[in-house]
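K.L.:
Okay, handing you the structure first.
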Amino acid sequence: MFKTKTFVKMAVVSIMAAIFLAGCGGDKDSKGNSKDVLAQIKEHKKIVFGVKNDTRLFGLKNPSTGEVEGFDIDLSKALAEEMFGKDVKPEYVEVTSKTRVGLLNNGKVDAVVATMTITEERKKEVDFTDVYFQAGQSLLVKKGSKIQSIKDLKQGTKVLAVKGSTSAINIREKAPETTVLEYENYAEAFTALKAGKGDALTTDDAILYGMAEEDPSFELVGGTFTEEPYGIAVKKGNQELVDALNKALKSLKDSGKYDEIKNKWIKN
Amino acid sequence: MLDFSILTTNIDSFLQGLKITIISSLIALLCSFILGTLLAVMRIAPFKTLNWFGTAYVEFIRNIPVLVIVFFTYLSGNFGGMAAGTIGLTIYTAAFIAEAIRAGIMSVPNGQMEAARSTGLSYGQAMRMVILPQAIKIVIPPLGNQFINLVKNSSLLAVVAGGDLMYQGDLISAKTYVTFDTYVFVALFYLVLTIPLSLGVGFLEKRMARSN
């Protein structure tokens, strides 16, 4: 008798837990009701950018200063100044491929400048600005590797990628026979490659150049096999912020400031 | 409400993840129980070197985060994610099981060992046939806790591409952008594993109590 009671009690508790969790999920549908993001930025005098902290050349935390450095950071700083002058302070929050859409939608960040490829799928979830950087997917291998291009990815080869990135999806399409292992971030994926856990690492060439620069015993092979136009993402329905960002991006390009920032980071 | 299409369209991935989680947890459970019992016996055996080794193991391992141990096993050996994760979990959980079982052994009255030895059993025999069966009965509730923790900790396989339930959840949420609902289903799958385990431990506890 006692046993059945305990069982029923536990079953009831777990069902309640499930309903509670499901209920929480409902909140996310209330997007779009909040105040316009652009107005909020002006009111609070700060704009929060979501940037990578683990991606050399684009957004990498410098352990000695604690500052995040890279193309994405310098560009967003210049964009903020172009849009609002010195009035609005740019702030930075770390995002990963996994967290960036969620953090935009719950309002923790205003704009994501984090090596994010513009795709049709993602356009359903967020709004993108114009392309701010044109990258392409490539492969990073140990020097002297048998793998020299995407054609060499056959059954039994292991390709390392990062969870939530377009490159993981692309490689499954372009080399369906190969095994894809996905890691939390680029640092872990590169560590796994160095430890021999896979034959190649795949992501955008711009990011791979950063890794090859860090450890010259690795090289890029086979050129690029996709086009990865990077865009700045904002929460769906904030056309005014998208327009402001596009305008600022254009004037940075016209003034030559954009090239200055780009040449500082990307040498190839 | 909950988006059940996430569950139905990705059911293969979820089940594959569930399978890996179950296999990894079962292997780690069995191995850590054996290793933990050995360590517990070492810690109380009348040999200084063994005492020292057992204590050093337990103090080192239980004071390192399990995530770090899993990284070490993954990067130091030629293991895949699932094997490295399972080994890491075993090493970690064994330290806690050793402490639980040691407590159980200590709670068996001294007279039991003395009486067993006086009937002519060796120390090892007395330990195996008289002390441990009583000790394990006492420590079933804390062992049950450790095993439930083990199943939950197996979610760390996800960071070393182990292919477990959490890993599949990560990939599904990354693919669909329906993050919250995906993890609700992940949570429910874990509950499917841990609640029967909880009930099983409770049942075993009562059975054992009756035979006393």
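The values are calculated or read from the model by the stated rules, or taken from the named source; none is laboratory data. Because the structure is a prediction, the values reported are computed rather than measured. Glycine also receives a Cβ, built like all others from the backbone with ideal geometry; neighbour counts cover every protein chain displayed.
K.L.:
Quick one: how many residues across segment B:45-74 are surrounded by 17 or more Cβ atoms within 10 Å (Cβ to Cβ) and more than 14 Å from B:Asn153 (Cα to Cα)?
P.N.:
Number satisfying all stated conditions: 6.
K.L.:
Against the definition (over 30 Å from A:Ala244 (Cβ atoms) and either surrounded by 15 or more Cβ atoms within 10 Å (Cβ to Cβ) or at pLDDT 95 or above (or both)), how does A:Thr166 come out, yes or no?
P.N.:
no
K.L.:
Please name all residue pairs, on different chains or six or more residues apart, with Cβ atoms under 6 Å, provided the first residue is in segment B:111-124 and is within 18 Å of B:Met42 (Cα to Cα) and the second residue is of a type outside the set (A, V, I, L, M) and part of a loop (DSSP other than H, G, I, E, B).
P.N.:
Cβ pairs passing all conditions: none.
K.L.:
Here's another thing I want to ask about it. Which condition number does A:Val221 fail, the rest of (1) more than 27 Å from B:Gly163 (Cα to Cα); (2) under 19 Å from the mean Cα position of the chain (by Cα); (3) among the β-branched types (Val, Ile, Thr) being met?
P.N.:
It is condition (2) that A:Val221 fails.
K.L.:
Can you give me the ranges of the helices (runs of 4 or more DSSP H) entirely in segment B:82-195 with at least 1 residues that are closer than 26 Å to A:Leu103 by Cα and within 14 Å of chain A (Cβ to nearest Cβ)?
P.N.:
In segment B:82-195, the matching helices (runs of 4 or more DSSP H) lie at B:165-176.
K.L.:
Only one of (1) within 14 Å of another protein chain (Cβ to nearest Cβ); (2) at pLDDT below 90 fails for A:Ile266. Which number is that?
P.N.:
Tallying (1) within 14 Å of another protein chain (Cβ to nearest Cβ); (2) at pLDDT below 90, A:Ile266 fails exactly one: (1).
K.L.:
Still on this structure, I have one more. Of everything in segment A:182-214, what is touching a helix residue (DSSP H, G or I) at 6+ places or on another chain (Cβ under 7 Å), away from chain B (no Cβ under 14 Å) and farther than 18 Å from A:Lys98 by Cβ? Give them in sequence order.
P.N.:
Across segment A:182-214, the qualifying residue is only A:Met211.
K.L.:
When residues of segment B:57-71 are filtered for being out of contact with any helix residue (DSSP H, G or I) (no Cβ under 6 Å at 6 or more places or on another chain), among the aliphatic types (A, V, I, L, M) and within 14 Å of another protein chain (Cβ to nearest Cβ), how many remain?
P.N.:
Number of matching residues: 1.
K.L.:
Additional query: Here is a list: B:Phe185, B:Phe147. Which entry is of a type in the set (Phe, Trp, Tyr) and under 18 Å from B:Leu89 (Cβ atoms)? Working first, answer last.
P.N.:
Details: B:Phe185 fails: under 18 Å from B:Leu89 (Cβ atoms).
Unique residue meeting the criteria: B:Phe147.
K.L.:
I've got another one for you. Applying the selection to segment A:225-265, what residues are surrounded by fewer than 17 Cβ atoms within 10 Å (Cβ to Cβ) and in a loop (DSSP other than H, G, I, E, B)?
P.N.:
Hits for segment A:225-265 are A:Glu227, A:Lys236, A:Gly237, A:Gly256.
K.L.:
Please report, ordered by residue number, the strands (runs of 3 or more DSSP E) entirely within segment A:27-124 with at least 3 residues that are at pLDDT 90 or above.
P.N.:
By residue number, A:46-51, A:89-94.
K.L.:
On the given criteria, is B:Tyr74 within 14 Å of chain A (Cβ to nearest Cβ) and in contact (Cβ under 8 Å) with a residue 12 or more places away in the chain? Before the answer, list the steps.
P.N.:
Working: within 14 Å of chain A (Cβ to nearest Cβ): yes; in contact (Cβ under 8 Å) with a residue 12 or more places away in the chain: yes.
Against the criterion (within 14 Å of chain A (Cβ to nearest Cβ) and in contact (Cβ under 8 Å) with a residue 12 or more places away in the chain), B:Tyr74 qualifies.
K.L.:
Regarding segment A:189-201, can at least one residue be identified that is basic (Lys, Arg), crowded, with 17+ Cβ neighbours inside 10 Å and outside the structural domain of A:Phe49 (by TED's automatic domain parsing)?
P.N.:
Yes, segment A:189-201 has at least one match.
K.L.:
If we scan segment A:145-161, do we find a residue that is within 12 Å of A:Thr226 (Cβ to Cβ) and either within 14 Å of chain B (Cβ to nearest Cβ) or touching a Cys at 6+ places or on another chain (Cβ under 6 Å) (or both)?
P.N.:
No - not one qualifying residue is present in segment A:145-161.
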